[in-house]
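Asker: Provided herewith is a single structure, encoded as structure tokens, for subsequent inquiry.
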Amino acid sequence: MKYIWLHSVRLYINIGMFFYFKKIEIHNIESIPKSKPILLLSNHQNALLDALLIAVKCGRFSYFLTRAAVFKKDFVKKILMSLQMLPVYRVRDGWSNISNNNAVFETCSSLLNQNEAIVIFPEGSHNLKRAVRPLSKGFTRIVFDTLTKYPELDLQLIPVGLNFENAIKCPDRVSVFFGEPIVAKDFVLKNKNESIVNLKLKIQSEISKLTTHIPDNYDDTIAKLNTLQVDYLNPKAVNNCIANNCENDELKQGSKIKGLQFFFKGLLILNLFLPYLIWKFIAQPKIKEIEFISTFRFALAITLVPFYLLTVGILLAVLVSFKMAIIYIISALILTLLAVKL
């Protein structure tokens, strides 16, 4: 039952992402081992959408270390646990709770010994800035504790780079780059502190190659990149541009059909006027962190919108005809594709 549930959720989210994103590019997924224990270590820009993208696109059913604050309500906790999310406590959750991480890290080691996959965002928090922030050492504890308990374990570390064209825009484009596996045992040294420092530097360096990384002069550099209209889905080219002081003559070609985009998007809003009003005037004003805008919009898109379309379809079937209901739902799906994909 567990895997039927996980397969069903992954399929549903995949369908939702197909209708939500203009484009999703996945790179180097073939590098992810299918039967070895792995830690996927990713940059963290776009709140829960980061985790969902990795969950449905990495080819493995993964466990996720998730901030403990979202586990407070029993119902939510049950749902999150069923989706293989594990709470991790931070200082802001109270010093008395930090010790709870010991059990979580032990669980991680046990899962890795069973050749499972675990996703960690080692920056420790999300931020829309296009820069890889210094990594916390929590993930290194999991790595070295696991290798201490299971010294022969072939633990693989997979750096991941998430790249959004505009993380708060809808529809958006995104690319996910999976790096080459890194053998964890290679970082085990007699000096543990040296091992931790080396591993953190290595992972930060690898993630920085897989996503746009602006190391300094952030405001000036991001302004230049936006003026050049660089393609943020191609981090290698963007990072080369940054290294060359943004002297790049290759501009990203703008869409030649923007008029059609606005037309179909307007029609889509008219068709989904009730969900749109709920989002615009009830849900969105309550969002305090900009990083959560896309997450809540996507959540609304895969819950309220299907319910709304189904309700309208049922009303049409009862009041007009079943044929008219089918025509409406198919037309609504086609309209959504035109508004999102053009």
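Asker: Any residue at all in the range 125-142 that's part of a helix (DSSP H, G or I), open to solvent by 10 Å² or more (accessible area, probe 1.4 Å), within 30 Å of residue 25 (Cα to Cα) and modelled with pLDDT under 95? Before the answer, list the steps.
Answerer: Restricting attention to the range 125-142, the residues satisfying the condition of being part of a helix (DSSP H, G or I) are 138-142.
Checking which are open to solvent by 10 Å² or more (accessible area, probe 1.4 Å) leaves us with 138, 141.
Within this subset, residues satisfying the condition of being within 30 Å of residue 25 (Cα to Cα) are 138.
Imposing the further condition that a residue be modelled with pLDDT under 95 reduces the set to 138.
The answer is yes; a qualifying residue exists.
Asker: Given (1) on the phi > 0 side of the Ramachandran plot; (2) free of Cβ contacts under 8 Å to residues at least 12 places away in the same chain, identify the lone condition not met by residue 246.
Answerer: So the condition that residue 246 fails would be (2).
Asker: Checking the structure you have, find out if any residue of the range 317-328 is closer than 30 Å to residue 125 by Cβ and crowded, with 18+ Cβ neighbours inside 10 Å.
Answerer: no
Asker: What do you reckon, is residue 220 open to solvent by 90 Å² or more (accessible area, probe 1.4 Å), over 24 Å from residue 169 (Cβ atoms) and modelled with pLDDT under 95?
Answerer: No.
Asker: Looking at 214, 168, which one is in contact (Cβ under 8 Å) with a residue 24 or more places away in the chain, in contact with a Lys or Arg (Cβ under 7 Å, 6 or more places away or on another chain) and either closer than 25 Å to residue 340 by Cα or open to solvent by less than 50 Å² (accessible area, probe 1.4 Å) (or both)?
Answerer: One residue alone meets the criteria, 214.
Asker: Another question, then. Consider residue 63 against the criteria (1) within 22 Å of the chain's Cα centre (by Cα); (2) modelled with pLDDT under 95; (3) open to solvent by 40 Å² or more (accessible area, probe 1.4 Å); (4) farther than 16 Å from residue 13 by Cβ: it satisfies all of them except one. Which criterion is unmet?
Answerer: The one condition residue 63 does not meet is (3).
Asker: Would you mind finding the one in 232, 308 that is in contact with a strand residue (DSSP E or B) (Cβ under 6 Å, 6 or more places away or on another chain), surrounded by 15 or more Cβ atoms within 10 Å (Cβ to Cβ) and either in contact (Cβ under 8 Å) with a residue 40 or more places away in the chain or over 23 Å from residue 164 (Cα atoms) (or both)?
Answerer: Of 232, 308, the one residue that is in contact with a strand residue (DSSP E or B) (Cβ under 6 Å, 6 or more places away or on another chain), surrounded by 15 or more Cβ atoms within 10 Å (Cβ to Cβ) and either in contact (Cβ under 8 Å) with a residue 40 or more places away in the chain or over 23 Å from residue 164 (Cα atoms) (or both) is 232.
Asker: In addition: Show the residue pairs that are 6+ apart or on different chains and have beta-carbon atoms under 8 Å apart, the first residue being within the range 147-160 and closer than 18 Å to residue 135 by Cβ and open to solvent by less than 70 Å² (accessible area, probe 1.4 Å), the second being of a type in the set (Phe, Trp, Tyr) and not in a loop (DSSP other than H, G, I, E, B).
Answerer: As it stands, the answer is 158/178; 159/178; 160/177; 160/178, since those pairs meet every condition given.
Let's see how each residue does on (1) under 20 Å from the mean Cα position of the chain (by Cα); (2) over 22 Å from residue 32 (Cβ atoms); (3) not hydrophobic (A, V, I, L, M, F, W, C):
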residue	(1), (2), (3)
120	yes, no, no
125	yes, yes, yes
135	yes, no, no
163	yes, no, yes
206	yes, no, yes
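Asker: Restricting attention to the range 69-90, which residues are in a loop (DSSP other than H, G, I, E, B) and open to solvent by 40 Å² or more (accessible area, probe 1.4 Å)?
Answerer: Selection gives 72, 73, 83, 89, 90.
The values are calculated or read from the model by the stated rules, or taken from the named source; none is laboratory data. What you see is a predicted model, and the numbers here were worked out from it, not measured in a lab. Don't worry about glycine lacking a Cβ; one is built from the backbone with ideal geometry, like all the others, and counts go over all protein chains shown. Just the protein is used for accessible areas: all its heavy atoms, side chains included, with ligands, DNA and RNA removed. Shrake-Rupley method; radii C 1.70, N 1.55, O 1.52, S 1.80 Å.
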